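K.L.:
First the structure, which I've put down as C-alpha cells, then a few questions once you've had a look.
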Amino acid sequence: MLFFLFSPLLHARTNTGAWFNPDQLDPRVVDLVYWRDVKKTGVVFGSLMVILLSLAYLSLISVVAYTSLAVLTGTITFRVYKNIMQAIQKSQDGHPFKTILELDTDLPSEKVHEATDVIVSQINSTVSELKRLFLVEDLVDSVKFGCLLWCLTYLGSWFNGLTLVILAVVALFSLPKVYEQNQTQIDQYVGLVRSQVNDVMSKVKAALPIGNKEKTQ
C-alpha cells in the first residue's frame, strides 16, 4: 500500500499536473473529491471519517456490528412508522423500501473481470518494480528506494497504519481542491523542487562508476 502511494517519488517527472489529473479518474470520483456537490461529498467524507475514527477506538467487529445495528434500527423504525401511518390513513402504499428492494444489486461479471484484470496487472507491475529495485538493476533508483524505506521507518514510528489511512482520506478530499484553486503557484514550486532533485540525482549518478558502467553495457 505504501509502495503504491510513494512509488511516484522514485521517478521524477516534469509533468506536475499528472499528480492531480482528473481525466484519469472516474467522473463520479472527481465530483466527490472536487466537492462539485457539497452535500454528497460531505456525506461520503463524513461517513468515512466516522468509520475510521471509530476503528481507532473500537475493533473492526464492533464498528461493523454497531453500524449495522444502527442502520437496522433505523429501517425497522421507519418500516413500523409507515405501517402505522398506512393503517391510520387506510392507504395501500405497500412496502416503504419497495423501490430499493427491486434494484438490481448483482455485480456484473464483466466489471468484475475488468477489475480483476486491473488488480492483477497492478500486482504484476509492482512485483516487477520491486524485483528491479531490490536486485539493483539501476543503482540510483535502488538508492532512492532505500532512502524512501529509511524515511518510512521514521513514518512508521510516528504513525500507525490507521492514522495514515485517515490522513490519506483527509488529503484525498482536500488536496485536489487546493491544487485546483492554486494550480499555477503549486506547479511552479513543485517544478523548482523537481529540477533541483533531478540535478542532484544526475550529479550523483555521474559520480557513481557502477552506474556509468551499467549504462555503457
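The values are calculated or read from the model by the stated rules, or taken from the named source; none is laboratory data. Keep in mind that what you see is a predicted model, and the values were worked out from it rather than measured. Cβ sites come from the backbone with ideal geometry, for glycine too, and all protein chains shown count toward neighbours.
K.L.:
Pick from Asp26, Asp37: which is of a type in the set (Asp, Glu) and at pLDDT below 85?
P.N.:
None of the others qualify; the one that does is Asp26.
K.L.:
For the range 77-124, give me the residue count where each residue is touching a helix residue (DSSP H, G or I) at 6+ places or on another chain (Cβ under 7 Å) and exposed (fewer than 10 other Cβ atoms within 10 Å of the Cβ).
P.N.:
Count: 0.
K.L.:
For the range 115-184, give me every one of the helices (runs of 4 or more DSSP H) that falls completely inside it and has 2 or more residues that are of a type outside the set (Lys, Arg), within 30 Å of Lys205 (Cβ to Cβ) and touching a residue at least 40 places away in the same chain (Cβ under 8 Å).
P.N.:
Where helices (runs of 4 or more DSSP H) fall fully within the range 115-184 and carry at least 2 residues being of a type outside the set (Lys, Arg), within 30 Å of Lys205 (Cβ to Cβ) and touching a residue at least 40 places away in the same chain (Cβ under 8 Å), they are 139-158.
K.L.:
Out of Gly156, Gly161, which single residue is under 20 Å from the mean Cα position of the chain (by Cα), surrounded by 12 or more Cβ atoms within 10 Å (Cβ to Cβ) and within 30 Å of Tyr57 (Cβ to Cβ)?
P.N.:
Being under 20 Å from the mean Cα position of the chain (by Cα), surrounded by 12 or more Cβ atoms within 10 Å (Cβ to Cβ) and within 30 Å of Tyr57 (Cβ to Cβ) holds for just one of Gly156, Gly161, which is Gly156.
K.L.:
Considering the range 56-70 alone, what residues qualify as being touching a Ser or Thr at 6+ places or on another chain (Cβ under 9 Å) and closer than 23 Å to Ala171 by Cβ?
P.N.:
Ala56, Val63
K.L.:
Only one of Ser54, Ser62, Ser68, Ser125 is polar (S, T, N, Q), under 21 Å from the mean Cα position of the chain (by Cα) and modelled with pLDDT of 90 or more. Can you tell me which?
P.N.:
None of the other options fit; the residue is Ser125.
K.L.:
Could you list, in sequence order, all residues of the range 93-111 that are under 24 Å from the mean Cα position of the chain (by Cα), under 30 Å from Gly74 (Cβ atoms) and assigned to a helix (DSSP H, G or I)?
P.N.:
If the condition is that a residue be under 24 Å from the mean Cα position of the chain (by Cα), under 30 Å from Gly74 (Cβ atoms) and assigned to a helix (DSSP H, G or I), then Lys111 is the only one that fits.
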